[in-house]
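See below for the structure under consideration.
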Amino acid sequence: MLLIILKACVLSRQVDPKDYMFSGLKDETVGRLPGQVAGQQFLIQDCENCNIYIFDHSATITIDDCANCVIFLGPVKGSVFFRNCRDCKCTLACQQFRVRDCRKLEVFLCCATQPIIESSTNIRFGCFQWYYPELALQFKDAGLSIFNNTWSNIHDFTPVSGELNWSLLPEGAVVQDHVPLPATEELKAVRISTEANRSIVPVSRGQRPKNSDESCLVVLFAGDYTIANARKLIDEMVGKGFFLVQTKEVSMKAEDAQRVFGEKAPDFLPLLSKGPVIALEFSGDGAVEGCHLIVNEIFNGTKMFVSESKETASGDVDSFYNFADIQMGI
């Protein structure tokens, strides 16, 4: 009897590949709800003029031979690979992103490593901007940090002299104009927002030209409220007209702190063992002063590193992000 029950349990856990695939669809809206993929691999192939939404985390996703599709992919633990696709508009989060033999893609991206394009043209990138209640936990389940996003740092394996195979979408691009929300009753049950200030991933300017020569580095140390504090600081700074340039979550050792924080390092050494730090770079005229005012007013008593002056800030930013890029192998 026990053997029969065990066999039944094993059979019930067997995966049917058809449940993790959209293939040969045309003019359809399809998707998977939170909990329906649960970390499995997924395949999307030979779809035309479809709206496809994966509201769950997955292991890897491959998209082959698709045209005129809208695609949303929840957090992907490994790689997302587009091959031989054209005229698709996407929002997605992943560890690795690769495009080969594609043309005319628009991608609102969160990617932990440098995105790669190969033998592709007219690929346009923006920063991931999306929210639904289950998304934060899905990022954790996929092993992704919402603060590690190199969406604009593109590497083109096959550059053409005098041409650019990729570009950044306009800064004011509205996500819903490119990747509309699902219209079917089943998928509308997911409570989605695409407002920038609600996005799970902080919306950063990335490698767009800066509007000001002044930057400010803030480093928050691990604790119970670190993510909430980072979000609050971003909201306050952006609300006062400053720009979030980039973010990073990374572990630091004592020697890293000496290099990045200089003579202030001893203040922060005891905090490094609690977990990774979160770094935020802001830009805008008066960013350093503005940041100090907000930190002193709202986060008084919470130990943070904040650039001391306009003159030292750019050096702070370079020191930290050079260290972080080496640490993460970017």
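The values are calculated or read from the model by the stated rules, or taken from the named source; none is laboratory data. Just so it is clear, the model here is predicted, and its values are computed rather than measured. Positions of Cβ are backbone-derived with ideal geometry, glycine not excepted, and every protein chain shown enters the neighbour counts. Calculation scope for accessible area: heavy atoms of the full protein, side chains included, ligands and nucleic acids excluded. Shrake-Rupley method; radii C 1.70, N 1.55, O 1.52, S 1.80 Å.
Tabulated data for the structure shown
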read-out: Which listed pairs, of K274/K303; K77/K188; K248/K303; K140/K274; K264/K303, have C-alpha distances above 21 Å, in listed order; value: K77/K188
read-out: Cβ-Cβ FRET estimate between Q327 and Q114, R0 fixed at 22 Å, reported to 0.05; value: 0.95
read-out: Debye log10 I(q)/I(0) for the chain, one point scatterer per Cα, at q = 0.09, 0.10 Å⁻¹; value: -0.51, -0.63
read-out: For the chain, built as a Gaussian network whose Cα springs stay under 10 Å, the top-fluctuating residue of I298, I234, I192; value: I298
read-out: Cα-based shape type of segment 29-79, given that a ≥ b ≥ c are square roots of the gyration tensor eigenvalues and the cut on a/c is 1.5; value: oblate
read-out: Rg/Rh ratio calculated on Cα atoms of segment 128-217 (Kirkwood radius); value: 1.03
read-out: Length released on extending from L164 to L269, taking residue separation times 0.36 nm less the Cα-Cα span; value: 33.4 nm
read-out: Calculated P(r) tail over 25 Å for segment 7-111, as whole % of Cα pairs; value: 15
read-out: D_trans [Stokes-Einstein, Kirkwood Rh over alpha-carbon pairs] for segment 129-170, 4 °C, 1.567 mPa s, µm² s⁻¹; value: 97
read-out: Estimated FRET transfer efficiency (R198, Q40; beta-carbon r; R0 25 Å; 0.05); value: 0.35
read-out: GNM flexibility winner over the chain from T121, T62, T184 (Cα, springs under 10 Å); value: T184
read-out: Helix 226-239 vs. the chain, principal-axis angle (Cα, 0 to 90°, nearest 10); value: 80
read-out: Alpha carbon centroid spacing (whole Å) that separates segment 239-292 from segment 122-140; value: 24
read-out: Heavy-atom surface of segment 24-127, accessible at 1.4 Å and reported per residue (Å²); value: 34
read-out: Projected area, mean over directions - segment 72-111, Cα convex hull, nm²; value: 2.4
read-out: Orientation-averaged projected area, Cα convex hull of segment 185-328 (nm²); value: 10.1
read-out: Charge sum, other residues only, whose C-beta stays under 15 Å from G78's C-beta, Lys/Arg counted +1 and Asp/Glu -1; value: 0
read-out: Helix 2-13 axis, angle to the chain major axis (alpha carbon atoms, nearest 10°); value: 70
read-out: Angle between the chain longest axis and helix 287-298 axis [Cα atoms, degrees, rounded to 10]; value: 90
read-out: Cα-projected label distance for T62 with N84, points at 7 Å along beta-carbon direction, nm; value: 1.2
read-out: Contour excess over end-to-end distance, with Cα ends at E186 and I298 and 0.36 nm allotted per residue; value: 36.2 nm
read-out: Whole-percent carbon and sulfur share, accessible surface of the chain, 1.4 Å; value: 49
read-out: Sequence-distant residues sharing a close amide H with E106 (under 5 Å, placed H); value: C88, K89, C90, R124
read-out: Rounded to 5, the percent of DSSP beta bridges in segment 108-195 classed as antiparallel; value: 10
read-out: Rg ratio (alpha-carbon, reference 2.2 N^0.38 Å) - segment 157-201; value: 1.74
read-out: Inter-part distance where segment 209-227 and segment 43-116 are each reduced to a Cα centre, Å; value: 30
